[in-house]
Amino acid sequence: MRLILLGPPGSGKGTQAQLLSQRRNLEHVGTGDILREAIRRNTPAGQRAKPYVVSGKLVPDDLVNDLVSDRFRREDRPKCFIMDGYPRTLAQASAFDKVLAEQKLNLTAVVLLEVDDAEIVRRLSGRWSCETLGCKATYHTVSNPPKLAGNCDRCGSKLVQRDDDKEETVKERLRVYHADTVELIPYYRSRGLIRAVPGDGDIEEIYNNILRELNCQAGSAC
Ligand code: AMP
């Protein structure tokens with residue numbers, strides 16, 4: 001399968017992308033993760049992206065398009081993948097279309113996770129994630145707490161809160177989503193690719209609803 005996960009920040013894209021990648025053997029391409037890693041390593045792309053990421057704004061299209069197209073032009077390019085957080089603008093969607101056409105890859109579907117804004121603000125202010133880069137596990141103080149407060153269940157590392165999960169920045173990220181990213185819904189709907197799934201409720205239930213929308217059986221290859 002070749003999927004794009006679309007939805008507001010905090011709609012659970014990262015969590016569902018992780019499940020789909022582990023259980024369906026899809027490569028998880030998360031531009032937020034790639035950018036945070038570039039910032040942490042202080043690369044030229046990271047230095048350019050940092051002011052946008054910390055203030056909740058979108059980094060310029062050319063920067064993120066280059067990161068993604070480089071990934072898809074490498075020899076070990078993803079063949080079956082899940083895009084998490086990309087594309088986020090029409091310019092990115094059209095750049096991604098070109099990369100996919102060049103690599104002769106068709107999209108299977110665009111999964112739209114639907115969650116309202118008040119719920120997003122509640123969720124993100126309680127979100128914590130593992131500080132170990134290869135782990136990526138995320139938790140929520142209310143809905144998905146770690147067994148031992150402050151520590152990752154999976155690898156035992158410390159849990160940290162993202163700078164851009166502060167309430168004011170979350171509101172800015174939501175504004176940006178409504179201003180720039182929702183335009184992608186009609187763009188992909190006109191091509192029959194949108195599969196809308198409510199993003200509220202239990203993580204496993206949402207996952208199963210995604211599989212159902214994609215017409216996949218729980219244990220089968222799809
Ligand atoms: P995320 O982890 O997907 O919520 O992304 C965190 C931040 O990284 C966003 O608020 C943006 O500043 C930046 N970012 C991630 N993906 C993109 C993208 N496709 N286009 C522009 N900025 C992005």
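The values are calculated or read from the model by the stated rules, or taken from the named source; none is laboratory data. Just so you know, these numbers come straight off a predicted model, no measurement behind them. Cβ atoms come from the backbone with ideal geometry, glycine included; neighbour counts cover every protein chain shown. Surface areas here come from the heavy atoms of the whole protein model, side chains and all, with no ligands, DNA or RNA. Shrake-Rupley method; radii C 1.70, N 1.55, O 1.52, S 1.80 Å.
Expressed as cubic angstrom per residue, what is the convex hull volume of the alpha carbon set of the stretch 43-89? Write out the running numbers ahead of the final one.
On the way: hull volume 4.1 nm³, N = 47.
Value for the stretch 43-89: 88 Å³ per residue.
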*Is the shape of the stretch 93-185 best called rounded, prolate or oblate, per the rule: a/c under 1.5 gives rounded, else a/b larger than b/c gives prolate, else oblate, with a ≥ b ≥ c the square roots of the Cα gyration tensor eigenvalues?*
oblate
*Take the chain, connect every pair of alpha-carbon atoms lying under 10 Å apart with a spring to form a Gaussian network, then pick out the residue of 84, 70, 117 with the largest mean-square fluctuation.*
70
*Tell me, what ³J(HN,Hα) does each residue in the stretch 63-75 have, in order and in whole Hz, if you take phi through Karplus 6.51 cos²θ - 1.76 cosθ + 1.60 with θ = phi - 60° and put x for Gly and Pro?*
5, 6, 4, 5, 4, 6, 5, 4, 4, 7, 9, 6, 4
*At what distance in angstrom do the alpha carbon centres of the stretch 119-155 and the stretch 173-210 lie from each other?*
22
*For the chain, give the share of DSSP beta bridges that are antiparallel, in percent and rounded to the nearest 5; count only bridges with both residues there.*
30
*residue 102: net charge of surrounding residues, Cβ under 12 Å, Lys/Arg +1, Asp/Glu -1, itself excluded?*
+3
*Candidate aspartates and glutamates for bridging to residue 158, where Cα separation is under 18 Å - those fewer than 8 sequence places away on the same chain excluded*: 33, 37, 131
_Chain lengthening between residue 135 and residue 153 when straightened (0.36 nm per residue, less Cα-Cα)_ = 5.4 nm
*Report the residues of the stretch 1-21 in range of a label on residue 144: point 7 Å along Cα→C-beta, backbone N strictly under 16 Å from it.*
5-21
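Where the accessible area of the chain is counted over protein heavy atoms with a 1.4 Å probe, how much of it, in %, is carbon and sulfur?
Percent of accessible area from carbon and sulfur atoms in the chain: 50.
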*With each run of n ≥ 4 DSSP H residues scored as -39500 (n - 2.57), what mean residue ellipticity at 222 nm is computed for the chain after dividing by its residue count and rounding to the nearest 500 deg cm²/dmol?*
-13000 deg cm²/dmol
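Among the trypsin sites (Lys or Arg not before Pro) within the stretch 149-178, which fall in a DSSP loop and have no more than 15 other Cβ atoms within 10 Å of their own Cβ? Don't jump to the answer; show the numbers that get you there.
Working: sites: 154, 158, 162, 166, 171, 173, 175; in loops: 154, 162, 166.
When the trypsin sites (Lys or Arg not before Pro) of the stretch 149-178 are filtered for loop state and at most 15 Cβ neighbours within 10 Å, 154, 166 remain.
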_Separation in nanometres of the label points that stand 7 Å from Cα toward Cβ, at residue 178 and residue 22_ = 3.4
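Can you pull the Kirkwood radius for the chain, inverse mean 1/r over Cα pairs, to one decimal in Å?
Details: mean 1/r = 0.0559 Å⁻¹.
About 17.9 Å, per the Kirkwood formula over Cα pairs.
Could you compute the FRET efficiency for residue 41 and residue 106, with r as their C-beta to C-beta distance and R0 at 35 Å, rounded to 0.05? It would help to have the intermediate numbers written out before the result.
Working: r = 33 Å, r/R0 = 0.95.
Plugging the Cβ-Cβ distance into 1/(1 + (r/R0)^6) gives 0.55.
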*Using θ = phi - 60° and the Karplus form 6.51 cos²θ - 1.76 cosθ + 1.60, what ³J(HN,Hα) does each residue of the stretch 93-108 get, whole Hz, x for Gly and Pro?*
4, 6, 5, 5, 3, 5, 4, 5, 4, 4, 8, 6, 10, 9, 6, 7
*Under the Karplus curve 6.51 cos²θ - 1.76 cosθ + 1.60, θ = phi - 60°, whole-Hz ³J(HN,Hα) for the stretch 8-23, x wherever Gly or Pro sits*: x, x, x, 7, x, 4, x, 5, 5, 5, 5, 5, 4, 5, 5, 8
*Count neighbours as other Cβ atoms within 10 Å of each site's Cβ, and list the trypsin sites (Lys or Arg not before Pro) in the stretch 19-48 that are DSSP loop with at most 11 such neighbours.*
41
